[in-house]
Amino acid sequence: MNIQALTDVGKVRKINEDSYIYYSCDKYSYAMVADGMGGHLAGEVASKMAVDIVSEYIQENISDDLDHFQVKEILNRAFLTANNQIFDYSCENESVMGMGTTATLCLIRDRFLIYAHIGDSRAYMMDDKAEQITRDHSYVQELVKLGQITPEEAKTHPRRNYITRAMGVEKDVRADLGIKTYNGEKVLICSDGLHGKVEDWELYKNTMERTAESCVEELVRLANDRGGEDNITVVVMEGEDANA
């Protein structure tokens, strides 16, 4: 599994509150993107805690004898562990009180992609198009779901950056979890600093036509060229076949 990642502060913000992590071995591979929020430095703290805690939990608890449903539960517990630790740290440290983060992770193992997700960062599988496999936990997504606005209107809605679920903000949180058959598709994970500026068809075109390294560089450049108002993070996972 070849994994390439890039994060950028963008053109406006002074601090990059995005974090990412990835890992690959002969048994499994995973990548995660977290987009932090909070006061001065708090988002950066939350996102870094999220990727570190989740990654450590996975590596300590995953084993060869687990089936893919059991691995999904490992991801769930990893997210709950990270949520609790971030929340407790926030409550104990006034300077970062109220901090939180999005968290989106994809793990590929034995012809399955298993994902866990909280917030509005996204994961895509690239087949004949860019298939968004996560659902944004956002105010505008709820409006779209209710039929009150269209997906096109959501892109420019004044409250499009309001998220309805985040890791670390409350004592309890529920992660979206899923399992998909994996047949060697390229996988892209990104923060809203990218998908808020670059259309899905552009994500697909660049992911399919470029090397993973060239793709992450080009997508970050596109987001910056279109304003770069937010931090930008993108990860591309590509396997030669269905075995990660």
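Each value in this text was obtained by applying a stated rule to the coordinates, not by laboratory testing. In this text, all values refer to a predicted model and were calculated from it rather than measured experimentally. Here the Cβ positions follow ideal geometry from the backbone for every residue, glycine too, while neighbour counts run over all protein chains shown.
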Could you tell me whether the range 71-133 comes out rounded, prolate or oblate from its Cα gyration tensor? Rule is a ≥ b ≥ c as square roots of the eigenvalues, rounded for a/c under 1.5, then prolate if a/b exceeds b/c, otherwise oblate. oblate
Test item: Cα-centred dipole of the chain, Lys/Arg +1 and Asp/Glu -1 on Cβ, debye: 540
Along the Cα→Cβ direction, 7 angstrom out, place labels at THR181 and GLU60. What is the inter-label distance in nm? 3.6
Just need the relative contact order of the range 46-108 here, percent rounded to a whole number, with Cα pairs under 8 Å and 6+ apart. 45
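First measure r as the distance between the Cβ atoms of ASP67 and GLN132, then evaluate 1/(1 + (r/R0)^6) with R0 = 30 Å and state the FRET efficiency to the nearest 0.05.
Details: r = 26 Å, r/R0 = 0.87.
Plugging the Cβ-Cβ distance into 1/(1 + (r/R0)^6) gives 0.70.
Shape of the chain from its Cα gyration tensor (a ≥ b ≥ c, root eigenvalues): rounded if a/c is under 1.5, otherwise prolate when a/b > b/c, or oblate?
Rounded, since a/c falls under 1.5.
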Starting at the first residue of the range 95-111, write each ³J(HN,Hα) from the Karplus equation 6.51 cos²θ - 1.76 cosθ + 1.60 with θ = phi - 60°, in whole Hz, x for Gly and Pro. 5, 10, 4, x, 5, x, 7, 6, 7, 9, 10, 10, 10, 10, 7, 6, 6
Calculated FRET efficiency for the pair ASN76/ILE15, C-beta based, R₀ 30 Å, to 0.05: 0.50
FRET efficiency, ASP225 to ASP52 (Cβ-Cβ, R0 30 Å, nearest 0.05): 0.40
